[in-house]
Amino acid sequence: MLDGLVISVDAMGGDDAPDMVVKGLEYFLTHAGKGRRARFLLHGDSAKIKPILAKAPQTRERCEIVHTDKVVSMDDKPSQALRRGKDSSMWNTIAAVKAGRAEIAVSAGNTGALMAMSKLQLRMKQGVQRPALAATWPKQDGVCVVLDVGANIDVDPAQLTEFAVMGEAYYKAIHKSANPSIGLLNVGTEDQKGNAVIRAAHERLSQSRLGLNYVGYVEGNDISTGRTDVIVTDGFTGNVALKTAEGTAKLIGTFFNEALQGNIWSKITASLNAYALFKLKHRIDPRRVNGAVFLGLNGIVIKSHGGTDRVGFANAVNIAIGLAETDFMHAIDARLDALHDEDDNIGFIT
């Protein structure tokens with residue numbers, strides 16, 4: 001039986017699992033995890049996991065393997081995963097949180113399946129219609145949080161308002177900010193811009209008496225320039241923006257490498273500025289902000305990018321442990337209760 005802070009991990013989730021998962025845990029323990037008492041439940045095929053653990057001594061002594069040979073495919077539809085995925089590595093990862101054997105679940109598996117299984121097992125918080133997937137995003141002076149980035153294609157004004165208060169609580173917990181600013185993503189900052197859902201959500205947030213630091217509409221370029229700490233949008237727009245940003249970061253990295261290796265003078269310049277270039281590469285590295293959390297569940301589930309490597313997965317684990325060490329869930333409950341009471345008093349239709 002594991003003691004201390006226990007993280008439940010889907011060892012078979014992701015493009016290169018379980019190799020990437022175990023190496024990610026080893027990387028975490030070697031770097032950010034030094035001195036932390038985190039331990040791990042690894043759910044998956046023990047015959048595949050054990051040989052990899054044998055080469056990762058720090059991780060091996062911190063892990064307990066929960067065997068299952070059933071795996072949810074990255075191509076499975078959520079409905080298929082629910083029908084066929086019980087007792088799979090993903091299902092059991094969430095079940096461990098529900099049963100109280102672990103504080104947080106982490107998976108790099110199928111996003112739709114993970115959301116469906118999480119909703120079915122952990123259930124939604126009272127009054128919350130759907131979970132929102134919140135991702136960390138680099139900006140000029142640090143990072144911001146963007147939600148939703150893929151869980152909900154269609155949303156209504158009440159859901160966007162819930163995303164705002166949950167995103168605020170998440171940002172406070174992770175980044176220790178007393179009063180994070182909140183913006184609503186739109187195609188312009190003028191009052192008449194946007195569709196009816198966006199304008200109605202703007203009205204709700206503008207009228208709120210919860211003490212939210214709501215700054216109004218923001219545009220896509222404001223995500224990276226750092227105007228706000230929390231940016232609220234629907235899952236379709238958020239996912240497109242996220243994938244675009246990741247692709248742009250990789251493209252910039254490729255352009256830099258090509259430019260710096262173009263001739264002897266550029267190679268000399270690169271060597272003279274090696275440290276500065278290393279810092280730049282680190283700042284635009286998507287792996288540094290890998291790990292999104294489903295907000296609105298009665299439990300914490302972290303979604304890692306399926307195509308990440310050990311560094312990215314280690315960051316997702318770091319986010320999970322950071323959340324487990326806060327009163328994040330109680331803060332979410334308090335904010336949601338206050339929001340729903342306010343909606344009842346003002347007379348908004350939810």
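Each reported figure results from applying straightforward, stated rules to the coordinates on display, with no laboratory input. No experiment lies behind these values; they were computed from the predicted model shown. With ideal geometry, Cβ positions are generated from the backbone for all residues, glycine too; neighbour counts draw on all protein chains shown.
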(message) Can you list residues from other chains, or at least 5 along the same chain, whose modelled amide H is less than 5 Å from the amide H of Tyr217?
(response) Leu184
(message) With the cut-off at 20 Å, tell me which of the pairs Lys48/Lys243; Lys48/Lys119; Lys98/Lys125; Lys50/Lys98 have Cα atoms farther apart than that.
(response) Lys48/Lys243; Lys48/Lys119; Lys50/Lys98
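Order of Tyr217, Tyr27 from fewest to most other C-beta atoms within 10 Å? It would help to have the intermediate numbers written out before the result.
On the way: Tyr217 19, Tyr27 22.
Placing the least packed residue first, the sequence is Tyr217, Tyr27.
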(message) Projecting each Cα onto the charge dipole of the chain (Lys/Arg +1, Asp/Glu -1 at the beta carbon, about the Cα centre), which of His305, Pro57, Gln126 comes out farthest on the positive side?
(response) Pro57
(request) Report, for the chain, the % of DSSP beta bridges that are antiparallel, rounded to 5. (result) 30 percent
(request) Just tell me which aspartates and glutamates come within less than 15 Å, Cα to Cα, of Lys23; anything on the same chain fewer than 8 places away is out. (result) Asp10, Asp15, Glu61, Asp309
(message) Counting only other residues whose beta carbon sits under 13 Å from that of Ala113, what net charge do I get with K and R as +1, D and E as -1?
(response) +4
(request) Please report, in debye to the nearest 20, how large the charge dipole of segment 85-162 is about its Cα centre when each Lys and Arg carries +1 at its beta carbon and each Asp and Glu carries -1 there. (result) 340 debye
(message) As a footprinting exposure proxy, order Asp76, Asp10 by other Cβ within 10 Å, with the fewest listed first.
(response) Asp76, Asp10
(message) If packing is taken as the average count of other Cβ atoms within 10 Å, what order do 147-153, 164-170 fall into, highest mean first?
(response) 164-170, 147-153
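Using a simple charge model, +1 on the beta-carbon of Lys and Arg, -1 on the beta-carbon of Asp and Glu, nothing else, what dipole does segment 47-116 show about its Cα centre, in debye to the nearest 20? All intermediate terms of the calculation are to be shown ahead of the outcome.
Working: 12 positive and 7 negative charges, 23 e Å.
Dipole size: approximately 120 debye.
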(message) With θ taken as phi - 60° and the coefficients 6.51, -1.76 and 1.60, list the Karplus ³J(HN,Hα) couplings across segment 182-191 in order, rounded to whole Hz; mark glycine and proline as x.
(response) 10, x, 9, 5, 8, 8, x, 9, 6, 4
(request) Quickly rank 318-327, 228-237 as a protection proxy: mean count of other C-beta atoms within 10 Å, highest first. (result) 228-237, 318-327
(request) Would you mind ranking His31, His340 by Cβ crowding within 10 Å, fewest neighbours first? (result) His31, His340
(request) Taking H placed 1.01 Å from N in the peptide plane, check which residues at least 5 places from Val187 or on another chain put their amide H under 5 Å from its amide H. (result) Gly194
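Give, rounded to the nearest 20 debye, the magnitude of the charge dipole that the chain has about its Cα centre when Lys and Arg contribute +1 at Cβ and Asp and Glu contribute -1 at Cβ.
Roughly 1180 debye, rounded to the nearest 20.
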(message) Could you give each residue of segment 242-252 its phi-based ³J(HN,Hα) in whole Hz, using Karplus coefficients 6.51, -1.76, 1.60 with θ = phi - 60°, and x for Gly or Pro?
(response) 4, 5, 5, 5, 4, x, 5, 4, 5, 5, 4
(request) Pick out, from Thr254, Asn213, Val165, the residue whose Cα sits farthest towards the positive end of the charge dipole of segment 129-295, with +1 on the Cβ of Lys and Arg and -1 on the Cβ of Asp and Glu. (result) Thr254
(request) Taking amide H positions as placed in the peptide plane 1.01 Å from N, state which residues far from Leu297 in sequence (5 or more) or on other chains have amide H under 5 Å from it. (result) Lys125
